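One structure is given below, encoded as C-alpha cells.
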Amino acid sequence: MDRIRIVGGGKLNGTIPISGAKNAALPLMIASLLTPETLILENVPRLSDVRMLKRILGNHGVDVTVNGKRPGDAATDGEVVKLNAAEIVDTTAPYELVSQMRASFWVIGPLIARMGEAKVSLPGGCAIGTRPVDLLIMALERLGVAIDIEGGYVIARAPKGLRGGEIVFPKVTVGGTHTALMAAVLAQGTTLIRNAAREPEVTDLAECLVKMGARIKGIGTSELEIEGVARLGGARHRVLPDRIEAGTYAFATAMAGGDVQLQGVQPHLLQAALDKLAEAGAEVTPNNEGIRIRRNGAGIAPVDMTTEAFPGFPTDLQAQFMALMTRAGGTSRITETIFENRFMHVQELARFGARIRLEGDAAIVEGTETLKGAPVMATDLRASVSLVIAALAAEGETMINRVYHLDRGFEALETKLGACGAAIERIRA
Ligand code: EPZ
C-alpha cells in the first residue's frame, strides 16, 4: 500500500489548479443511464472513485470511452468521458460493487425510471456513520415504485412506469435529491421535491438533466418541480469545480502560512468556509481566476463552527477545519450536525500532539503552538486529508498510511502541494 511522507514547517506559495468535483462527476456519470444517446462529460477528475464507477456502469451496459489528451490541453485538465447507455444489459447492481462505493446505490433512480425495474444492493454502513437509504426508498415509493428488500438487495418494480408525486424530505439529503431527480425526470406527470438539497453538485446534475431535455423548475432552491418527459437525449456538460478540494487547500495554506492562488474555483461555492477562514485570520481575496489565500505573520484565531447543509459550512470540510484549529491561539468548538460519527480524525490528530476532546456531537479543540510529525493512518477520505494539513505544519516527519482513501477524492495531491513548496512525496508500495 502506498504511503505519503511529509516534512512539515515550510510555507505554501504558488498556484493550485482545482479539479472537477468528485461529488458532481459521480451523479452526472450515473445520469447517463437515463438516455440511449451519448452523454459527454468534460473536466472529470482522475480519481479512483471515478474509475470504480466506470466499472459499475460498464456492468449495466454503459459504453465508457475517455478522450486522450489533445495538444494544448493543460496537464491539469480533467478527462473528457463519453458515456453511452444505448442498451442496458443488466438492471442489477451487485453487492461486490455497491459496497465499495456508496454513491453507486444512486443507479437505482435512472434504472427504475428507464427500465421499470432495478435490483440494487444496500450499501451498508461506512466509516462516517450508519448512512441509511430510507429516504431514497421513500422518494421512489412516492413516484409509484413498489419496493421489496430481500437478501440485502432493494428490489424496485414499476412495470407501468413511474408517475409524478410529492416528495417531502424530512431532512436534507444530497443522495435522496439526486435519486428523486433522476427518477422524476422520466415519470409521467409532475413531481414536487420539497426540502431538496441545494448543494452545488445537485444544481450541476439538474442543469445537465435540463440539457438532456428534462423540465425542471426551481434549480438551486429547496423546491424542485419536475415535469416528466417520455425520453431524454444526449448532452455535453462540464463538471463544476470541486469546492471541497478548494476548501481543503485554502485551509492547508492558512495552516502552513504563505500565499496560494486556487485556480478555477468560484467563491460562492464555498462562501461559508471562506468566511470562517477569514475569521481565523487568513486573507481571502476572490479574483477573476479563482481565490487567493494568504497568511503571513499573523497567527490563527480560534473560531467555532457548525456543519450544515449548503449554503452552510460543509461536513466534508469539517476534519480539515479541525486540523487548522489545532494550531489556533485558543479554544474552538466544532459541531457536526450531518453525520453522527464523523470524528475518526480526532484520534489521529492527537498523534501530532493536538488537544481535542469530544462532547457528544461537538469537538472541543484547544489550540497548541507546536504539532509534531508522527506516523498516522488514513480512515476516510476527508479525515485523511486533515492529517496532510496537520503534517504540513508539524515539526519533523509524518508518514501517512492507507493513502488509498486520499486517492478516492484528491487528484494529484502530492503534485499540487509539492508545486507550492511542500516537502511531500508518495512512497509506492
Ligand atoms: C453526499 O453523501 C456526499 N457524497 C458526501 O460526501 C457528503 O458528506 C454528504 O452528501 C453531505 O453533504 C457524495 O456526493 C458522493 P446525505 P450522501 O444523503 O448523499 C441522512 C465525501 O467525503 N440520511 O446528504 O450519502 C444521512 O445519514 C462524501 O465526499 C438518512 O437518514 O449524504 C446523513 O446523516 C462523504 N436517510 C444525512 O441524511 C437517507 O435515506 C445527509 O446525508 C439518506 C440520508
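No lab work stands behind these numbers, since they all come straight from the coordinates. What you are looking at is a predicted structure, and each value in this text was computed from that prediction instead of being measured. Heads up, the Cβs are rebuilt from the backbone with ideal geometry, glycines too, and the neighbour counts pull from every protein chain shown.
Please give me the summed charge of the neighbours of Ile88: other residues whose Cβ is under 12 Å from its Cβ, Lys and Arg +1, Asp and Glu -1. Intermediate values should be presented prior to the final figure.
On the way: positive: Arg114; negative: Asp63, Glu87, Asp90, Glu117.
After counting each charged neighbour, the total is -3.
Just need the relative contact order of the chain here, percent rounded to a whole number, with Cα pairs under 8 Å and 6+ apart. Walk me through the numbers on the way to the answer.
Details: 1080 pairs, mean separation 91.1, N = 429.
Here the relative contact order equals 21 percent.
Would you calculate a helix-derived [θ] at 222 nm for the chain, using -39,500 (n - 2.57) for each DSSP H run of n ≥ 4 and dividing by the full residue count, to the nearest 500? Show your work: numbers first, answer last.
Details: 14 runs with 126 residues, N = 429.
Computed mean residue ellipticity for the chain: -8500 deg cm²/dmol.
Counting Lys +1, Arg +1, Asp -1, Glu -1, what net charge surrounds Ala278 among other residues with beta carbon under 12 Å of its beta carbon? If you can, show how the numbers build up before the last one.
Numbers: positive: Lys276, Arg294, Arg295; negative: Asp275, Glu279, Glu283.
The answer is 0.
With viscosity set to 0.890 mPa s at 25 °C, what whole-number translational diffusion coefficient in µm²/s follows for the range 22-233 from Stokes-Einstein and a Kirkwood radius over Cα pairs?
Working: Rh = 17.0 Å.
My calculation gives 144 µm²/s for D.
Contact order normalised by length for the range 291-338, with contacts defined as Cα pairs under 8 Å and 6 or more residues apart; what percent is it?
On the way: 55 pairs, mean separation 23.4, N = 48.
Once divided by the residue count of the range 291-338, the mean separation gives 49 percent.
Tell me the net charge near Ile244. Cut-off is 10 Å between Cβ atoms, Ile244 excluded, with +1 for each Lys or Arg and -1 for each Asp or Glu.
Details: positive: Lys22, Arg243, Arg382; negative: Glu201, Asp242, Glu245, Asp316.
With Lys, Arg at +1 and Asp, Glu at -1, the net is -1.
Check the chain and count each lysine pair with an alpha-carbon distance under 18 angstrom, considering only pairs eight or more places apart or from different chains.
So the count of such lysine pairs works out to 9.
Which whole-number percent gives the relative contact order of the range 22-233, counting Cα pairs below 8 Å spaced six or more residues apart? Walk me through the numbers on the way to the answer.
Working: 458 pairs, mean separation 38.0, N = 212.
RCO, the range 22-233: 18 percent.
Expected output is a single nm value to one decimal: the length gained when fully extending between Arg3 and Glu87, i.e. 0.36 nm times separation in residues minus the C-alpha distance. What is it? Provide the component values of the computation, followed by the final result.
On the way: separation 84, 0.36 × 84 = 30.24 nm, distance 4.10 nm.
My answer for the length gained is 26.1 nm.
By how many nm would the segment from Asp304 to Thr331 grow when fully extended, if each residue of separation counts as 0.36 nm and the alpha-carbon distance is taken off? Each step should come with its number before you reach the end.
Working: separation 27, 0.36 × 27 = 9.72 nm, distance 0.85 nm.
Answer, rounded to one decimal: 8.9 nm.
Could you work out how much longer the chain between Asn67 and Val210 gets when fully extended? Use 0.36 nm per residue separation minus the Cα distance between them, nm to one decimal. All intermediate terms of the calculation are to be shown ahead of the outcome.
Values: separation 143, 0.36 × 143 = 51.48 nm, distance 2.41 nm.
Taking Asn67 through Val210 to full extension adds about 49.1 nm, to one decimal.
Could you state the number of Å between the C-alpha centres of the range 105-167 and the range 403-429?
The two parts, judged by their Cα centres, are 37 Å apart.
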